[in-house]
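The block underneath contains the structure these notes are about, expressed in structure tokens.
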Amino acid sequence: MAKTDPVNLRPQRLNEYIGQKNIVKSLNLFIKAVKKRGFASEHLLFYGPAGTGKTTLANIIANELSGQIRITSGATVTKGGDLAAILTNLKDGDILFIDEIHRLPKPVEEMLYPVMEDYSLDIIIGKGPSARTVRLPVPKITIVGATTKLALLSSPLRDRFGLLLRIDYYDNEELKEIVIRSARILNIPITEKAAVQIANRSRHTPRIANRILKRARDAFEVEKYKIIDESLLDKLFSLLEIDELGLTDIDLQYLNLLGHKFQNSSVGVETIASSLAEDKETVEQFIEPYLLQIGFIKKTSRGRVLTPKALSHLKIGVSQKETHQDKLV
């Protein structure tokens, strides 16, 4: 039987959580109020980029409130019976965490409304004219939703959450602290400069920082290094094809496509996707968000173009075409 890594890098308590200071303050107030009141009267919704700690915060809330957490996804709860089965296995004070909650089917979402408002579940028995609705009590649970696409949540569902918290990207100093903490938990030595290098290449995302650290641990153990330092990381980043800004091979292919092949003319996303042999959704949802975040591309009515910052990073000069156009202007 294959062994799994037993080490859990997620912080278990709010005072262990690094970053998102305003959210930590809000949750600290929420948790204290629940403990004083004796029950939770509000449900919570986290929204923000993937890998920034939404699931971790849900687990922390469960730990702080001494309740059990049940984790599910909006895509897996496909019918009302699935929701009913989950709710019958919960008890007062538990947490129901629904990841990617925007993917809940409409009928399931509507069944969730009375659960959130009245701790009741409406079940339809029978079909046709003889069908009737039975209302069953459910435990006084706290529902924590998470989504990367807040706009896809319907207004009725969104408005039933009493606390909406936006989780943002992390800065490099926070990521450095996360890397050092994770290295301590994994019991591997690391220099501060190496932690900074990992942080700089983590695309402002803790999940990616921990992923890189685990690959560094692989090299540390296999190559029998005494410490994770810059020399180890130089080899690792070359192997993983990650540059100093966290750009991967596919990112650089995208940038070089616009900068060299199309000479930084406006290019439509369909053309880019075809040239990269990727689908349009991969380009828009996986490649472009980080490039937009770091200011390397901009979207225009005619397509995508590189910014001067990206051209400088690729060491591409301003094209004669652009210079000519500037003179005309």
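The values are calculated or read from the model by the stated rules, or taken from the named source; none is laboratory data. Since this is a predicted model, take the numbers as computed values, not measurements. Ideal geometry is used to build each Cβ from the backbone, glycine not excepted, and the neighbour counts take in all protein chains shown. Each accessible area value is taken on the protein alone, full model and side chains, heavy atoms only, with ligands, DNA and RNA left out. Shrake-Rupley method; radii C 1.70, N 1.55, O 1.52, S 1.80 Å.
Quick test for you: out of Phe286, Phe296, pick the one residue that is at pLDDT 95 or above and within 26 Å of the chain's Cα centre (by Cα).
None of the others qualify; the one that does is Phe296.
Which of the residues that make up segment 35-62 are free of Cβ contacts under 8 Å to residues at least 60 places away in the same chain and more than 19 Å from the chain's Cα centre (by Cα)?
If the condition is that a residue be free of Cβ contacts under 8 Å to residues at least 60 places away in the same chain and more than 19 Å from the chain's Cα centre (by Cα), then Lys35, Lys36, Arg37, Gly38, Ala62 are the ones that fit.
When Leu96 is evaluated against the numbered criteria (1) part of a helix (DSSP H, G or I); (2) surrounded by 15 or more Cβ atoms within 10 Å (Cβ to Cβ), which criterion, by number, is the only one it fails?
(1)
Restricting attention to segment 97-142, which residues are under 28 Å from Gly53 (Cα atoms) and either of a type in the set (Asp, Glu) or in contact with a helix residue (DSSP H, G or I) (Cβ under 6 Å, 6 or more places away or on another chain) (or both)?
Phe97, Asp99, Glu100, His102, Val108, Glu109, Glu110, Met111, Glu117
Got a sec? Which helices (runs of 4 or more DSSP H) wholly within segment 232-298 have at least 1 residues that are more than 18 Å from Arg203 (Cα to Cα) and of a type in the set (Gly, Ala, Ser)?
Those helices (runs of 4 or more DSSP H) span 269-276.
Determine whether Ala194 is touching a strand residue (DSSP E or B) at 6+ places or on another chain (Cβ under 8 Å) and either crowded, with 19+ Cβ neighbours inside 10 Å or assigned to a loop (DSSP other than H, G, I, E, B) (or both).
Yes: the conditions hold for Ala194.
When you go through Gly67, Gly145, Gly81 one by one, which is the residue that is of a type in the set (Gly, Ala, Ser) and in contact with a Ser or Thr (Cβ under 9 Å, 6 or more places away or on another chain)?
Gly67
If I filter segment 133-177 down to residues being among the hydroxyl-bearing types (Ser, Thr, Tyr) and either touching a strand residue (DSSP E or B) at 6+ places or on another chain (Cβ under 9 Å) or in a strand (DSSP E or B) (or both), which single residue comes out as nearest to Gln285 (Cα to Cα)?
Here the residue is Thr148.
Search segment 7-34 for residues being in a helix (DSSP H, G or I) and in contact with a Ser or Thr (Cβ under 9 Å, 6 or more places away or on another chain), and hand back the single one that is least open to solvent (accessible area, probe 1.4 Å).
Residue satisfying both the conditions and the ranking: Val34.
Taking the options Ile212, Ile227, Ile167, name whichever one is over 13 Å from Ile18 (Cα atoms) and either among the acidic types (Asp, Glu) or in contact with a Lys or Arg (Cβ under 9 Å, 6 or more places away or on another chain) (or both).
Being over 13 Å from Ile18 (Cα atoms) and either among the acidic types (Asp, Glu) or in contact with a Lys or Arg (Cβ under 9 Å, 6 or more places away or on another chain) (or both) holds for just one of Ile212, Ile227, Ile167, which is Ile212.
Could you pull out the residue among Ile60, Ile71 that is modelled with pLDDT of 90 or more, open to solvent by 50 Å² or more (accessible area, probe 1.4 Å) and of a type in the set (A, V, I, L, M, F, W, C)?
None of the others qualify; the one that does is Ile71.
Which residue out of Asp243, Asp249 is among the charged types (D, E, K, R) and free of Cβ contacts under 8 Å to residues at least 12 places away in the same chain?
Within the list Asp243, Asp249, the selection yields Asp249.
Can you tell me how many residues in segment 36-62 are farther than 21 Å from Asn15 by Cβ, among the aliphatic types (A, V, I, L, M) and outside any loop (DSSP other than H, G, I, E, B)?
Matching residues across segment 36-62 total 1.
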